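J.: Right, I'll just put the structure down here and ask away after.
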Amino acid sequence: MAVAALLTTASIAACGDSGDSSEGAAKTLTYWASNQGASIEFDKQTLQPELDKFEQQTGIKVNVEVVPWSDLLNRLLAAATSGKGPDVVNIGNTWSASLQATNALVPFDDATLAKVGGKDRFVPAALAAAGAPGKPPAAVPLYSLAYALYYNKKMFTDAGVTTPPTTWEELVETGKKLTKSGQWGLAVEGANPSENSHHAFTFGQQWGGEWFDSAGKPTFDTPQNVAAVKRYIDLMAVDKIVNPSNAEYAQNQSVADFANRKAAMLLWQAAGSNFKAQGMSPEEWGIAPVPFPATTPPGGKKVNSMVAGINMAVFKHTENLDGSLEFVKFMTSDAEQVILNKTYGSLPSVKTANADPAFQAPEQKVLGEVLGTTAAPLPQVPEESQFETLVGTAMKELFADAAGGKPVTEAQVKEKLGVAQQKMGS
Amino acid sequence: MATTTAPGPVRPAGRPAQDGPPSRRKRRTVRRSYLPYLLLVPAALLELGIHVVPMLVGVWMSLLELTQFHIRDWSTAPFAGFENYRVTFDFDSATGKDLLHSFWVTALYTTLSVGFSWMLGLAAAVFLQRPFKGRALLRTLFLTPYALPVYTAVITWTFMFQRDTGLVNHALDQLGLIDGANPPFWLIGENSFVALLIVSVWKSWPFAFLCLMAGLQNVPPELYEASAIDGANFWRRLRDVTLPMLRPVNQVLLLVLFLWTFNDFNTPYVLFGGSAPRQADLISIHIYQSSFVTWNFGLGSAMSVALLLFLLVVTAVYLLVTNRRREHA
């Protein structure tokens with residue numbers, strides 16, 4: 001009995017996800033797509049016509065499964081462990097170095113890159129976020145994204161605010177004007193570790209902090225990082241421009257709050273198509289780059305977004321490597337890049353597709369400018385995904401404290417980040 | 001089973017008397033003595049494949065430095081000896097301290113959840129013991145949580161516990177029990193433990209109810225009649241007739257509930273979306289976090305093995321004590 005009951009835990013790590021197998025069916029590929037649109041169903045409907053085109057061209061059938069973000073990393077890990085599962089996958093580009101370390105992905109050396117159109121096709125910043133420096137990339141970029149500040153135009157006008165804030169001080173001031181009954185200045189995704197950690201990175205850069213030193217060792221609880229994280233949490237704890245309820249948001253409720261006019265501002269990546277799906281017309285919102293501190297802290301960098309994006313990788317265990325690479329080539333072709341990025345509101349990862357008028361809309365222009373000038377890649381170290389979860393979870397706890405009315409002090413932030421750092425070493 | 005067959009002096013037709021040839025008799029005996037083992041083979045093989053082998057693999061993993069660099073090919077993982085266990089039991093380090101905290105949370109959670117589930121189950125079973133109109137309906141209703149898929153049920157609870165839009169706060173507000181302008185959180189902070197406990201009891205008590213109801217069917221009505229004649233009231237009957245008669249059921253029921261609750265993974269995982277608040281950080285989800293989140297499967301396995309040993313010891317002691325008590329009784 002004890003044995004039976006214990007297995008749940010004792011063998012968690014031992015059990016691999018069986019997933020779909022591609023064995024014996026070289027003319028069929030299994031593709032795990034990440035969830036880019038407003039819903040899984042939306043993504044399936046978006047991708048299927050393209051996959052049909054690919055089948056017509058090559059005779060290779062692609063079975064797609066759209067995996068929610070909450071499961072994707074676990075599923076990839078299981079596939080890497082068991083050597084079974086999909087042939088081609090989408091990965092969050094920040095995981096590239098972590099997954100590269102498992103040695104389960106096909107490295108895109110020059111010869112392999114040549115098979116998908118060559119290295120020079122890709123936007124250099126996006127390709128740089130596809131693996132550790134000095135190694136062949138573990139993936140190629142598929143969709144490019146950046147963070148921006150979305151704001152509700154009508155709420156701004158009603159409050160007499162004419163231009164979007166460019167500094168955090170202005171954002172707080174504006175947020176206070178916009179916070180009134182049933183309406184909040186800003187919405188955050190406080191219980192989502194990934195979102196939290198992305199902001200930790202950007203704020204950290206602005207406050208002169210680094211999360212890993214040059215040797216790849218974690219440096220979480222430096223004064224710069226503590227100040228950076230505290231600045232972000234204080235938007236709720238001190239400035240009170242964020243609804244305390246946001247501390248339990250982890251299913252994109254902050255996007256829904258913005259689209260439903262419960263919040264006036266939102267920091268997000270390519271949210272336009274999502275707003276539209278939730279019934280908010282493009283005329284209602286404006287977009288601006290993420291703010292900076294009014295006075296740059298010592299060592300602070302001019303960075304206001306991570307180089308965000310989705311990469312496409314091929315598992316070494318595929319039985320149809322050529323077909324898989326053919327599929328990657330297809331998905332990164334000019335025509336597909338235009339169609340898919342247009343639908344998702346993201347930016348093409350290949351230079352030639354960026355000229356398309358579809359990417360000259362205000363939202364894409366801002367995202368493109370940020371990517372081209374003030375975005376930096378998250379540290380490309382094998383422990384990156386642990387950083388996201390540990391620091392992101394620490395911030396979730398800090399938000400929970402702030403929401404519960406407890407003061408969030410520098411010492412507490414330092415302690416939480418310190419504990420997270422210790423866990424990296426164990 | 002054989003003991004309940006037809007009584008009387010009739011000799012079973014298929015059974016030869018002592019008059020058969022000796023060799024045939026011997027073969028028969030041999031065949032019969034092998035048969036039970038033969039029938040056990042499928043179960044034993046499945047038990048090995050599903051339980052024992054993965055467990056041994058878990059033990060082996062706990063001795064390796066199994067991180068993301070080695071999960072693709074375990075043979076490359078360096079042998080770590082008892083290093084993972086040292087980290088697990090180093091209660092001064094962040095990892096050990098958090099594990100110990102999680103252990104105490106789980107112990108409290110298990111005690112309260114099993115206690116409440118058992119009490120609710122007993123109360124419902126006792127009150128539904130005598131037939132009355134609507135009894136079948138109530139029985140069915142009480143068993144609903146047990147019949148629902150765990151994930152669906154817990155997701156529904158997650159919606160209900162949401163601070164701004166959840167049913168729980170809405171109902172409490174309507175009753176005037178909370179300040180509607182500043183409603184409490186249930187899924188983060190201190191209340192998360194209470195929320196977890198509520199869902200757990202809601203989920204487990206029907207099982208206690210079912211077992212105890214079955215157990216009560218075996219209590220002879222004469223015992224109640226006799227005690228009623230002796231003037232025993234309800235509580236006296238409960239204490240001196242019902243509970244002693246339910247002892248064998250309780251022995252198994254409490255053990256099973258304890259093991260299920262202590263190892264409960266689905267409830268916190270679905271309720272809190274993978275990263276539980278510190279106040280409700282149950283051990284199974286803590287181990288999951290320690291292995292999957294930090295990609296340190298060796299450490300996660302070491303914690304699992306420690307948990308396995310702990311539960312084995314608890315189970316052994318429990319069975320020893322309860323069996324001895326029954327022998328003395």
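The numbers here are math on the coordinates, done by the rules we state, and not lab data. This is a predicted model, so every value here is computed, not measured. Glycine gets a Cβ as well: all are built from the backbone with ideal geometry, and neighbour counts include every protein chain shown.
J.: Counting Lys and Arg as +1 and Asp and Glu as -1, what is the net charge of the other residues whose Cβ lies under 14 Å from the Cβ of A:THR112?
T.: Net charge in that neighbourhood comes out at +2.
J.: Within the set A:LYS44/A:LYS365; A:LYS115/A:LYS316; A:LYS262/A:LYS414; A:LYS27/A:LYS53; A:LYS44/A:LYS396, which residue pairs have Cα atoms separated by over 21 Å?
T.: Listed pairs above 21 Å: A:LYS44/A:LYS365; A:LYS262/A:LYS414; A:LYS44/A:LYS396.
J.: Follow-up question, since we're still on this one. Given the rule -39500 (n - 2.57) for each run of at least 4 DSSP H residues, summed and divided by the residues of the protein assembly as shown, what is its mean residue ellipticity at 222 nm, to the nearest 500 deg cm²/dmol?
T.: Estimated from H runs of four or more residues: -16500 deg cm²/dmol.
J.: Rg to Rh ratio, the protein assembly as shown, alpha-carbon atoms and Kirkwood radius?
T.: Ratio of gyration radius to Kirkwood radius: 1.04.
J.: For the range A:62-108, what class follows from the C-alpha gyration tensor (a ≥ b ≥ c being the square roots of its eigenvalues): rounded when a/c is under 1.5, otherwise prolate if a/b is larger than b/c, else oblate?
T.: Because its axes are fairly even, with a/c under 1.5, the range A:62-108 counts as rounded.
J.: So, R0 is 30 Å and r is the distance between the beta-carbons of B:ALA147 and B:LEU238; what FRET efficiency does that work out to, to 0.05? The partial results should precede the final answer.
T.: Values: r = 28 Å, r/R0 = 0.94.
Calculated value: 0.60.
J.: Using Cα springs under 10 Å in a Gaussian network model of chain B, which residue among B:ALA208, B:ALA44, B:ALA94 shows the largest mean-square fluctuation?
T.: Fluctuation is largest for B:ALA44.
J.: Most fluctuating residue of A:GLY345, A:GLY323, A:GLY404 in a GNM of chain A with Cα springs under 10 Å: which is it?
T.: Answer for the Gaussian network model of chain A: A:GLY404.
J.: Could I ask something else about it? When DSSP assigns beta bridges and you keep just the ones with both residues in the protein assembly as shown, what percent turn out antiparallel, to the nearest 5?
T.: 60
J.: So, one more: May I have the extent of the alpha carbons of chain A along their three principal axes, as whole Å values ordered from largest to smallest?
T.: 62, 58, 44
J.: Here is a follow-up. Shape verdict for the range B:46-102, please, from the Cα gyration tensor: rounded (a/c under 1.5), prolate (a/b greater than b/c) or oblate.
T.: Details: a/c = 2.58, a/b = 1.42, b/c = 1.81.
Because a/c hits 1.5 or more and a/b fails to exceed b/c, the range B:46-102 counts as oblate.
J.: From the Cα gyration tensor of the range A:288-398, with a ≥ b ≥ c the square roots of its eigenvalues, which class applies: rounded if a/c is under 1.5, or else prolate if a/b is larger than b/c, or else oblate?
T.: Because a/c hits 1.5 or more and a/b fails to exceed b/c, the range A:288-398 counts as oblate.
J.: Name the most mobile residue of B:ALA107, B:ALA125, B:ALA228, meaning the one with the largest mean-square fluctuation, in a Gaussian network model of chain B with Cα contacts below 10 Å.
T.: The residue that fluctuates most here is B:ALA228.
J.: Sticking to Cα atoms, compute the Rg of chain B to one decimal and its Dmax as the biggest Cα-Cα distance, whole number, in Å.
T.: Cα radius of gyration and Dmax of chain B are 26.5, 92 Å respectively.
J.: Another question about this same structure. Tell me which residues come under 5 Å, amide H to amide H, from A:PHE292 once H is placed; ignore anything under 5 positions away on its chain.
T.: Amide H neighbours of A:PHE292, under 5 Å, 5+ apart: A:THR167, A:TRP168.
J.: Using 0.36 nm per residue of separation minus the Cα-Cα distance, give me the extension gain between B:ARG135 and B:SER33 in nm, one decimal.
T.: Taking 0.36 nm per residue and subtracting the Cα distance, the gain is 32.0 nm.
J.: Using R₀ = 30 Å, calculate the FRET efficiency as 1/(1 + (r/R₀)^6) where r is the Cβ-Cβ separation of A:ALA111 and B:ASP73; round to 0.05.
T.: Once the sixth-power term is evaluated, E becomes 0.80.
J.: Continuing with this model, one more query. Dipole of the range A:119-236, Cα-centred, from +1 at each Lys and Arg C-beta and -1 at each Asp and Glu C-beta, to the nearest 20 debye?
T.: The dipole of the range A:119-236 has a size of about 280 debye.
J.: Within a Cβ distance under 12 Å of A:ASN90, other residues only, what is the Lys/Arg minus Asp/Glu net charge?
T.: -1
J.: Calculate the spin-label point distance for A:LYS276 paired with B:THR165, positioning each point 7 Å from the Cα along the beta-carbon direction, and give it in nanometres.
T.: Taking the simple label geometry, B:THR165 and A:LYS276 are separated by 2.3 nm.
J.: Apply 1/(1 + (r/R0)^6) to the Cβ-Cβ distance of A:LYS27 and B:LEU319, taking R0 = 60 Å, and write down the FRET efficiency to the nearest 0.05.
T.: 0.55
J.: Zone of A:LYS217 (label point 7 Å along Cα→Cβ, backbone N under 13 Å): which residues in the range A:395-422?
T.: A:422
J.: What is the dipole size for the protein assembly as shown, taken about its Cα centre, with +1 at each Lys and Arg Cβ and -1 at each Asp and Glu Cβ, in debye to the nearest 20?
T.: On the way: 60 positive and 63 negative charges, 653 e Å.
Around 3140 debye, computed over the protein assembly as shown.
J.: Filter the DSSP H helices in chain B by two things, a Kyte-Doolittle mean of at least -0.5 and an axial alpha-carbon span of 27 angstrom or more, and list the hits by number.
T.: Details: long enough: B:22-47 (38 Å, -0.36); B:94-127 (49 Å, 1.02); B:191-217 (39 Å, 1.38); B:297-328 (46 Å, 1.11).
Correct list, ordered by number: B:22-47, B:94-127, B:191-217, B:297-328.
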